[in-house]
Amino acid sequence: MLVKQVRIWLAGAAALVALTIGGAKAEVEIEYWQYFFEARVTAMDQLIENFEAANPDIKVTMNHFPYADYRTKVAAAIPAGEGPDVVQLFYGWLNDYVAAELIQPLPSDAFPPAMVEEEFFPMVAAMRAGDSYWALPTAVRSLALFYNERLFEEAGIEGPPETLDEMIETAKMLTKVDDAGNLTQVGITAGMSAQDHHWFREVLVRQFGGEPYLDDYRTVNYNSEAGMRAAEFYTGLASEHKVTAFGFMDEPQAAFKAGRAGMHIDGSFRIGSLNKTRGLKWGVTELPANADGMRSNYSSYWVNAITTKADGEKFDAAVKFMAYVTSDEAMQIWLDVVGELPAKPSVGLTDSNSMNPVFGPFIRGLAYANTTKFANESAQRQLLIDMVQRIDLEGQSVADSIAIAAEAEQALLDEYYQ
Amino acid sequence: MYRNLSIHQKHIVWAWAFLAVPILFYVVIRFYPTANAMIISFQDWNLLGDRVWTGLENYDKLWNDPVFWKVFRNTFIYLLLGTPVSLVVSFIIAFHLDRLRFMHGFIRMLYFLPFMTSAVAMAWVWRWFYQPVPIGLFNNFLATVGIPQIPFLRSTSLALPAILAPAVWAGLGFQVIIFMAGLRAIPRSYYEAARIDGVSGWTILWEITIPLLKPTIVFIVVFSSIGFLRIFDHVYNMTTTDPGGPLNATKPLVLMIYQTAFTDFNMGYAAAQTVVLFLILLIVSLVQLRLFRDR
């Protein structure tokens, strides 16, 4: 009796071992890394499930890390031969990864540049190097003007402003001061430490007739007549029109969430946290145009790339996976689950998406968006924060302050691209 | 082999066996990284690519970096303002607390409480205290009594003292406790003798209390100096949107190192700054120990 039982067990175990070995032979396993953000992980789980159903011979394992550690982890793992086959990176980091030979170009037969150019929104071109692309996004982000519907109603304002001049007039109606003249509610938030440095660089400078950078973002060009007028406009919101104060309620988004700001410029990634803010009724519209009706926007994105670790059949599997995560289907899932914008007009500009009251203004903004090629985003942002503070706190002239910022940023770019 | 050793030798073997654990630990997590940091300070490394030898380039860059000199100055302002202020205040508190009988334990606990509070939480609370109207506690109060607002953290001259104040307050509890222990250790008989001789309170303070507290004072000065030279969490958490700002007015050396390493990923340059900080700490500590040495 006992012997028989043991025999059955042994046979079962042997069959199991055989199965696993057989299974492992047919299956390629690739590893995917991204930083932890709940919705992004949920969306990626769904994408992986769909992908594995369509490609039963490929298994994808996802690993995620807290954002604070992500960059260091990726940087330490890949050179050590550990880590992912497909990795998610911020577009601004890509240069460093290319230079360190940690990622490899996407094969041009699976991703022909002509096809990518035709299918994706134009700012994705920043990922191209010669005859191939280094990486491609699933989703992109852009800026728009959020406004507080309750405060608009209270001030008797019909709708959100369409132009910069209208924006100032609207902001004046939304601004409140106490008896001592201290601001208690701002018409529009301001702060270069948030998204305003993008608004200044890629939107205001262009709207005042300038070009922020030349030579593929290697030459600073905002120290010009246009740049000066853009900076005057921006700092004038506080000094001339008195519709805002830098540092009001510590952070721009905090002021908007608390219902103490009529308008607020921010990215599409803010939608989720605004939805969670109780008692806040908000709307969103495209960034205001200039007097001639010219609009601009800034777009940023996270890209997926194949690391140099992937070779042979893993590389083939990674290419297939890349093709799926950049497909129309994947982008729609990403929009529905994460709320990030599709990277292709074929998904973004469908009627239901582009006319969506929440996502629509962001998606329409993508059509005319620019993407700054940063050498070091936080350092370049710091220079604009300092530029505004020299004007705001130390009373330096706009011309002098913008000249200092431009010179410092040029030095930074020169050192990076030397 | 072990059996042939004398008892004395066996003791030594065992002592080394136990000492080996912390020594190994220190070698691996302290000395090796320290030595490595010194090597990296002569290299160019962004964490991704290869390390490239650049000789003294990082130090040369540091010498010519105006931000570094600004930060260097800030670091010493934190030290030269923070150490004496906290020393004097904590001594005064300890001196009076020592004579107090009424609710002694409770009051002592109140002074010690900030020391036990997380620096991050405390920094954020103070950050909100300092905000302009309508959310800042201090400015709201000023506004209600009709006094113009004080820009605190948004001023290049006031921001540093505004950040230093809660940092001093946070360390006070610890220093008070140490001072009180020092005061208790002074033999009562000295005071009794002085009183019989009819010496004034000031003379007792200057001739008995303070000289006998010297070892305590040395300890607190060295300890708090190192603390202020390494100040980071208060500054970083009170200025996260513009770390060390406005216009680098509050940036200490440690924050500059952190930013160079973990937002700019310029490891070589950060390591060079670390070596400089190490030298500063070393020199300041040696100078203080020498100055306070008993002759």
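Rule-based calculations on the coordinates, nothing more; no lab input. This is a predicted model, so every value here is computed, not measured. Because the Cβ atoms are built from the backbone with ideal geometry, glycine has one as well, and the counts that use them run over all protein chains shown.
What to note about this one:
- Overall form of the range B:58-291 per C-alpha gyration tensor (a/c, 1.5; a/b vs b/c): oblate
- Counted over chain A, the DSSP beta bridges are approximately 65% antiparallel.
- Residue with peak Gaussian network fluctuation, chain B [Cα springs, cutoff 10 Å], from B:P151, B:P66, B:P22: B:P22
- Nearest 10 degrees, 0 to 90: helix A:377-394 Cα axis against chain A principal axis: 20
- Beta bridges per DSSP with both ends in the protein assembly as shown, % antiparallel, nearest 5: 65
- For chain B, calculated [θ]222 nm from helices alone, where every DSSP H run of n ≥ 4 adds -39500 (n - 2.57): -21500 deg cm²/dmol
- log₁₀ of I(q)/I(0) at q = 0.09 Å⁻¹ - chain A, Debye sum with one point per alpha carbon: -0.62
- Remark: mean inter-chain Cβ contacts per residue of B:129-137 equal 5, using a 10 Å Cβ-Cβ cutoff to other protein chain atoms.
- Partner chain coverage, peptide B:240-250 - average Cβ within 10 angstrom: 5
- Chain A: angle of helix A:67-77 to the longest principal axis, Cα-based, in degrees nearest 10: 50
- Relative to the Cα centre, the charge distribution of the protein assembly as shown, modelled as +1 at Lys and Arg Cβ and -1 at Asp and Glu Cβ, gives a dipole magnitude of about 4200 debye.
- Prolate/oblate/rounded call for the range A:269-418, Cα gyration tensor, a/c under 1.5 rounded: oblate
- 0 to 90° range, to nearest 10: angle between helix A:328-338 axis and chain A longest Cα axis: 60
- Theoretical FRET efficiency, 1/(1+(r/R0)^6), r = Cβ-Cβ of A:M115 and A:E158, R0 56 Å, to 0.05: 0.80
- Ranked A:W334, B:W128, B:W206, criterion: other C-beta atoms within 10 Å, fewest first: B:W206, B:W128, A:W334
- Remark: B:I40, A:I48 ranked as A:I48, B:I40, counting other beta-carbon atoms within 10 Å and listing the fewest first.
- Along each principal axis, Cα extent of the range A:81-168, largest first, Å: 60, 32, 19
- GNM remark for chain B: springs join alpha carbons under 10 Å apart, and the peak mean-square fluctuation among B:W45, B:W63, B:W124 falls on B:W63.
- The protein assembly as shown: C-alpha gyration tensor shape, a/c 1.5 cut-off, then a/b vs b/c: oblate
- From least to most packed, judged by other beta carbons within 10 angstrom and beginning with the fewest, A:T42, A:T308 follow the order A:T42, A:T308.
- Max mean-square fluctuation residue, GNM over chain A, Cα-Cα springs under 10 Å, options A:I58, A:I306, A:I157: A:I157
- Working from label points 7 Å from Cα in the Cα-to-Cβ sense, the B:A20 to A:K276 distance is 5.2 nm.
- Between B:Y32 and A:A76, the distance separating the two model label sites (each 7 Å from Cα on the Cα→Cβ line) works out to 1.3 nm.
- Here each label is just a point 7 Å from Cα along the line to Cβ, and for A:A54 and B:E207 those points are 9.4 nm apart.
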